[in-house]
Amino acid sequence: MAGNLEPTTALSDVLVVLGAAGIVIPAFARLRITPIIGFIFVGLAVGPFGLGSLVGQYPWLYHITITDPAAIAPFAEFGIILLLFEIGLELSFNRLWDMRRLVFGLGAMELGVSAFLLSGVLMATGLPISGAFGLGLALALSSTALVLPISGTQGPVGRAALAMLLFEDIALVPIIFLLGAFAPFTAYDSGPSIGETLLYGGIVVAVLLVGGRLLLPRLFAQAAQTKSPELFLAATMLVVIASALATSMVGLSPIMGALLAGLLIAETEYHSEVESITKPFKGLALGVFLITIGMGIDLRAVWAEIVPLTVAVLGVVILKSFVTGFALRAMGKNRATALQTGILMASPSETTLIVLTAAAEATLIDRETAQFWQIVTAIGLTITPMLAKLGEYWASRLDKDTSDTEQATPVAEPEGERVVVMGFGRVGNLIADMLTVHGAKWLGIDTNPEIVKAARKQGLPVVFGNVDSENAVQRLGLDKARAMILTMDEPVLILRMVKRLHSAYPDLPIIVRARDAAHAAALYKAGASHAVPETLESSLQLSEAVLVDLGFPMGPVIASIHEKRDEFRQKIKEEGELNSLPRLKSASLRERS
């Protein structure tokens with residue numbers, strides 16, 4: 001009857017999931033613990049092996065348990081798609097090209113060696129070569145859905161993890177085909193060959209790249225003109241889902257399409273708006289995925305095979321930790337980064353479950369073996385946040401021990417009011433020098449341990465920290481800081497940090513390094529006190545130099561440079577919604593004279 005809302009299974013399950021998100025996220029945030037663990041425990045408690053198994057005895061439990069796990073599985077898959085889309089937003093094609101050595105060097109080394117060694121160990125336990133090969137490939141994969149939200153993508157650990165996980169995502173399709181090639185009666189399989197899949201996949205990817213560059217700016221420009229967040233969100237979801245469907249229809253992974261969608265939108269001027277609109281949905285969908293992981297753990301089955309399961313989990317974690325750590329050392333990474341990343345990447349992946357299913361369907365392993373390793377994978381995913389904490393702890397100890405042996409006296413950090421310089425590369429170093437010249441106390445922070453060590457050897461107050469981590473920011477005591485200076489060359493990261501800092505510390509002066517005038521305008525709009533577009537000033541100085549060298553009179557040249565600078569100031573004022581013109585290099589000097 002119209003107007004009546006019947007209590008269906010789907011509505012009951014949605015209520016449980018939303019209730020879990022409403023309880024888990026704020027509760028674990030207050031305890032400063034990642035909600036990842038909370039979602040997994042919720043799935044464990046409300047799933048069919050937890051309280052859901054008691055619904056027959058206590059019917060009222062129906063309303064607080066998940067009675068149909070398969071019904072929410074598509075939401076979990078959508079959560080992974082949104083996660084990869086968000087990762088794409090934080091990247092760019094230039095950054096991916098710069099990472100090609102890590103992706104195809106480090107990533108291939110880590111996956112190949114891990115799979116080879118795991119296969120050898122499994123063969124030693126009595127598995128046939130085909131089954132051991134399939135299981136080795138499955139267990140060698142690491143969790144994109146859990147690792148990247150923990151590590152981020154900016155620091156040395158995050159960049160290394162991202163490179164390896166990107167290679168694993170790319171390799172997922174060939175792995176599935178390899179398992180099919182090992183299956184009995186493969187010759188009678190009428191499905192598409194790997195060559196056809198790669199051909200059609202290449203065509204689809206090329207169409208997405210070309211079409212995205214041509215159509216996306218126009219699509220989002222139309223959505224932006226309406227000033228409707230709903231239309232902007234709809235356009236974003238349309239692009240993500242269409243890209244994921246396009247790649248999945250030709251046999252590629254849908255997460256590859258989602259990643260491409262994020263990369264394409266990251267190249268437009270609307271990426272920051274898209275990121276802010278989709279972030280809540282990503283967190284909720286990821287929570288659904290984690291709940292499904294928890295629902296897959298049967299504590300009674302775990303207890304019945306506690307010894308072999310413990311041995312299996314420890315064996316996989318220890319072997320992958322060593323392989324990943326040695327691979328990172330071979331690629332020139334320092335010991336602390338290698339140790340932390342190795343432990344973080346040690347657990348199996350959500351894609352391990354996909355490969356296990358494919359191996360079972362290809363009869364490479366029997367159903368009992370597949371179920372055993374599915375439980376191992378679920379346990380590994382559950383302990384991933386704890387492994388992350390363990391890796392961070394031992395890496396900090398190792399870094400401290402190394403610093404103690406290399407440095408006789410510790411560097412005292414300035415107390416009280418101080419200027420915080422985030423990013424201690426060439427720009428941050430120069431700013432710190434000028435602050436020192438004028439007697440201002442300052443503290444530097446950087447994600448590169450080599451930069452931190454080199455600075456502290458010189459007696460400079462620079463500390464290690466993930467600039468995108470809320471915990472790192474909280475430790476800086478910004479309520480007493482005189483100013484915050486952001487010097488990193490990461491436009492998306494800087495914009496996100498300015499929004500967060502301005503929201504938490506509205507009176508704190510925030511001085512930011514901007515890439516260009518459009519980026520500066522966005523930073524002003526986000527709450528920056530001053531945004532200095534580096535490409536603008538260098539371009540104007542180069543123009544001035546070349547015009548004078550060509551013989552044009554100095555006076556008219558300087559006047560035209562001032563006029564062009566004022567045009568950019570006006571543009572930044574309008575786009576940044578400022579009340580007055582922003583100060584740029586020469587303009588501020590002329591206004592004071």
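All of the numbers you see were taken from the coordinates with simple rules; none came from a lab. Since the structure is predicted, the reported quantities are computational estimates derived from the model, not experimental observations. Quick reminder, even Gly has a Cβ in these numbers, built from the backbone with ideal geometry, and neighbours come from all protein chains shown.
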For Tyr62 and Leu478, what does the FRET efficiency come to when R0 = 60 Å and r is the distance between their Cβ atoms, rounded to the nearest 0.05? 0.80
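Could you order peptides 116-129, 258-271 by the average number of other Cβ atoms within 10 Å of their residues, highest first?
258-271, 116-129
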Extension gain Val55-Leu542, at 0.36 nm per residue separation less the Cα-Cα distance, in nm? 167.9 nm
Taking 61-69, 226-234, 484-492 and ranking on average Cβ neighbours within 10 Å, highest first, one gets 484-492, 61-69, 226-234
So how far, in whole Å, is the C-alpha centre of the range 98-130 from the one of the range 328-374? 9
Counting sequence-distant residues (5 or more places) and residues on other chains, those with an amide H built under 5 Å from that of Gly444 are Val421, Val462, Val463
Could you give the length gained on full extension between Arg397 and Lys573, defined as 0.36 nm per residue of separation minus the Cα-Cα distance, in nm? 58.6 nm
For the range 12-21, Karplus couplings with θ = phi - 60° (6.51, -1.76, 1.60), whole Hz, Gly/Pro x: 5, 5, 4, 4, 5, 5, 5, x, 4, 4
Stretch gain in nm, segment Gln222-Asp507, where the contour uses 0.36 nm per residue and the Cα spacing is subtracted: 99.0 nm
If R0 = 60 Å, then Leu231 and Thr125, at their Cβ-Cβ distance, give a FRET efficiency to the nearest 0.05 of 0.60
